[in-house]
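A short write-up of the structure that comes next.
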Amino acid sequence: MKKVIYIMGVSGCGKSTIGKLLAQELNIPFFDGDDFHPKANIKKMSSGQALNDEDRQGWLETLNALAKKQLTKNSCVIVCSALKQKYRDTLNLDIETQTKWVYLSGAFNQIYNRVNKRPEHFMPSELLQSQFDALEEPKDALKIDITTTPENIIKKIKNGLMDKSAFGLFGLGVMGKSLCRNLAKNGFKIAMFNRHVDTIEVDVAKNFKANHSELSEATAFDDIAAFVNALQTPRKIMLMVHAGKTIDYVIEDLLPYLSKNDILIDGGNSNYLKTKERGDYLKSKGIHFIGTGVSGGEEGALNGPSIMPSGDLEAYNKVKPFLDKIAAKDKNNLPCCTYVGPEGSGHFIKMVHNGVEYVEMQLLAEVCTILEASGQNLDEIANTLETWKSTANSYLLEITIDILRKKEGNDWLVKKILDKAGNKGTGNWTTIASAELGVPSTLIASALFSRYISFYKEERIQLNKHFKSENTSALNVTSIEVLEAYQFARIINHYQGFKLISEASNKFSWDLNLSEIARIWTNGCIIRSTLMEELVAVFKETTNILTNTQLIASIKEYKASAKKVVSQCILNDITAPSLGESIHFFNGITTENSSANIIQAQRDYFGAHTYKRIDDDGVKSHHTIWK
């Protein structure tokens, strides 16, 4: 991978000497930033005046353009004082992943004496103090003490920068392997680690590298110390291991080898509350932590997932170029990756993403059951769903069509799959978080509990013998009515999911951008859909999609079909819990006067919990002796 090596530091620190020697050693072009100052800058410094930010801006942009031009041909070395972070940001613009920084550090008196010995340089030594005053030491550069010899400095640069990997990935499960290949295909030099377990996991990283040509420049390890030492500082390590205690064990294993300002990224499905705890713990150790939701499965991880990072903003900006590059792209070719917010907010929205995913999957399963009960075989159902793509397309709809068409011999493969649905825990967490926050995410709970019911296979068989339905006639519904019921329920599902995100944002002061969250879910992730694309614009105007004019019209259009389909399911003993819950929830959330007054009276009766009254605007608490 071509790169620009910036050698920086105050005037007189030896940038030009070291830059020339390094360029000769690496056989790449060398450029002295001083040679690109406009005449006005040279004149100003020659007269003993320090340059201001406005003077420097055009010069920095010129050097950035030079770097970009050189990168089309080869690597290069550029020396430039680059004293402030904002100067370095300009020099890095659009080439962050291809820049390396070397900071030459020395004492004022030592450098002052050097400056006085330079013949005919346009900057007088009197301006040196202004450079030290302006200097903001970089946190992401290789820092070199100039008291050693130039030969040793070159050796340190080569050892510390040139032969090390830019990004590390810890854990080579399905997602970890795919992300490694994605990073490598995008030109990053990476280091890969997988544990060694005798007779079980042996040479996993090395064998993985050998099987994929794009990993030829990657380094492979099963020793933690060697893995960490192979990375450029500050180190950037993405953890792709099982959520829970495993993350904590891995962090403790890594800590002895890490340095201040290194960055750990948890890319697993961790609980958002644990992400905050880990971030606080690592901060006390001087290590940055980023909790990152990653969605897209094996294919998404390989070709472009949706990425949801949160936590330390400063650290995020260091890894942003890597994450942006490997992320899926939206319809405007922007990365489906954004800084979500502080603490564990990235893992929170990934958790909600998975809850919404549970519902979307359940709805499609119910739709297939309904269409089959109405007389269609699986090929015909697939053809019906194919026609829905023009108005209700989604990734899950597309894969369901493929599943329905897959045959093994003369029969459909899906018919041979045991009807016990598993789960990895995020649906549980979403339901628990909803209860803790007091948000009625009823469809997510319904989809989750449907999976739980499915797991009681033996009991279902036993009870079916006692309560087997006598209804054998086909459902009296059309495919269009089923489609409209499906669309109705999906709108309610997305309302509930984003409502949960919005309430969490308010509760924890996360200031989450719902439109931006919807945008990064338009590609790469499992719940990408045309509806999600519509919500990007909707959330720019409101945080409640049920107040959007277009969606109000859609709900009104689809509700009659939803009621009919759910009614037919009930009358014919067809299980459709999520479709049914969408109607129940909608009726509840749109009911002006509910039955909760009865519940409040009951609570006051047996527990003296008091109640509010309508006729005093709910200001006072009241208690009644009911008998």
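All of the numbers you see were taken from the coordinates with simple rules; none came from a lab. Because the structure is a prediction, the values reported are computed rather than measured. All Cβ positions, even for glycine, are placed from backbone atoms using ideal geometry, and neighbour counts span all protein chains on display.
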Could you state the number of Å between the C-alpha centres of the range 1-57 and the range 412-468? 64 Å
Where the Cα atoms of the range 140-299 are projected onto their three principal axes, how long is each span, largest first, in whole Å? 49, 40, 32
Long-range amide H partners of residue 143 with built H, under 5 Å: 103
For a label point 7 angstrom out from the Cα of residue 465 toward its Cβ, which stretches of the range 412-439 have the backbone nitrogen within less than 20 Å? 419
Fewest-first ranking of 62, 148, using other Cβ atoms within 10 Å as the exposure measure: 148, 62
Tail weight of P(r) past 19 Å, computed on alpha-carbon pairs of the range 303-422, percent: 61 percent
The helix 395-405 Cα axis meets the longest alpha-carbon principal axis of the chain at an angle in degrees, between 0 and 90 and rounded to 10, of 60 degrees
If I model a spin label at residue 593 and residue 410 as a point 7 Å from the Cα along the Cα→Cβ vector, what separation in nanometres do I get? 6.4 nm
Stretched out fully, how many nm does the piece from residue 226 to residue 603 gain, at 0.36 nm a residue minus the Cα gap? 129.4 nm
Would you mind getting the Kirkwood hydrodynamic radius of the range 4-162 from its Cα pairs, rounded to one decimal in Å? 15.8 Å
Rounded tilt (10° steps) of 15-26 against the dominant C-alpha axis of the chain: 70 degrees
So, by mean Cβ neighbours within 10 angstrom, what's the order for 418-424, 461-467 with the highest one leading? 418-424, 461-467
How much length, in nm to one decimal, is gained on full extension between residue 383 and residue 72, taken as 0.36 nm per residue of separation minus their Cα-Cα distance? 107.1 nm
Among DSSP beta bridges whose residues both lie in the chain, state the antiparallel percentage, nearest 5. 25 percent
Long-range tail of P(r) for the chain (Cα pairs > 41 Å, %): 42 percent
From the cross-link list 206/245; 236/325; 100/185; 158/209; 189/236; 139/318, which pairs have alpha carbons spaced over 18 Å apart? 206/245; 100/185; 158/209
In whole percent, what relative contact order does the chain give with Cα contacts below 8 Å and a gap of six or more residues? 9 percent
I'd like the orientation of helix 479-508 relative to the chain: the angle between its Cα long axis and the longest Cα principal axis, in ° from 0 to 90, rounded to 10. 50 degrees
Suppose a student asked you for the relative contact order of the range 504-552, using Cα pairs under 8 Å spaced at least 6 residues apart; what percent would you report? 28 percent
Mind ranking 74-84, 537-547 by how tightly packed they are, going by the mean number of other C-beta atoms within 10 angstrom, highest first? 74-84, 537-547
Going by a ≥ b ≥ c, the root eigenvalues of the Cα gyration tensor, does the range 306-358 fall in the rounded group (a/c under 1.5), the prolate group (a/b larger than b/c) or the oblate group? oblate
Ordered by fewest other Cβ atoms within 10 Å, a rough proxy for footprinting exposure, 521, 429 read 429, 521
Suppose R0 equals 25 Å; then what is the FRET efficiency for residue 62 and residue 333 from their Cβ-Cβ distance, rounded to the nearest 0.05? 0.35
